[in-house]
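Asker: Please see the structure below; I have some questions.
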Amino acid sequence: MKIIFLPLLLGVTLSISSCADDSVAEDPLPESMFSELQSGLHTNGGTYTQKQSKVIVNQKDYDNELLVYTSATPESIDFLTGKVLLVDMGQRNTGGYSIKVTSVDVSENHVVAHVNLIQPGQNCLVTDALTNPYQFVFIPTRKEVLITERMTLEECQ
């Protein structure tokens, strides 16, 4: 009985201590503190990309990267105060897909950008065309940018 009890007690202790570690809250960066620069469902000239995330740290790279996605004139970005994050879902066989940075959490050494990838459910009516969802956002920080992704299945009636 003691042999079984000791591993059980150890497991409960580890679970409690790991919960305590998870409770250390990071400060969320309000949505107004990061801003969307561009987003869309199709790339410039009909080319398609692979799924990717990129942190862009200078105007020249931003201008070149944006040109792949749109013919819109790039905004002038103050890269001394922040970075641009590109999130790209890559080529999809139908419509109904989207990608969006939903929040940014700030910690002492880095920020975490939370990205939601939305996939249409089985009953969703979608266009029968290739799409390539993407989004560029400006994050006002010089800290390292880390990215988490969450896939959401959109349910349609």
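Throughout, read-outs are computed from the coordinates displayed, never taken from laboratory work. Computed from a predicted structure; not experimentally measured. Please note: Cβ atoms are built from the backbone with ideal geometry, for glycine as well, and neighbour counts cover all protein chains shown.
Asker: What's the number of the only condition in (1) loosely packed, with under 15 Cβ neighbours inside 10 Å; (2) on the phi > 0 side of the Ramachandran plot; (3) touching a strand residue (DSSP E or B) at 6+ places or on another chain (Cβ under 8 Å); (4) not acidic (Asp, Glu) that Ala72 fails to meet?
Answerer: (2)
Asker: Check segment 38-48 and report whether any residue there is surrounded by fewer than 16 Cβ atoms within 10 Å (Cβ to Cβ), among the hydroxyl-bearing types (Ser, Thr, Tyr) and part of a loop (DSSP other than H, G, I, E, B).
Answerer: yes
Asker: Same structure, new question: Would you confirm, using the coordinates I've provided, whether Asp105 is under 19 Å from the mean Cα position of the chain (by Cα) and among the acidic types (Asp, Glu)?
Answerer: When the stated conditions are applied, Asp105 passes them.
Asker: So which residues in segment 95-124 are polar (S, T, N, Q), crowded, with 16+ Cβ neighbours inside 10 Å and not in a strand (DSSP E or B), if there are any at all?
Answerer: Result: no residue meets the conditions.
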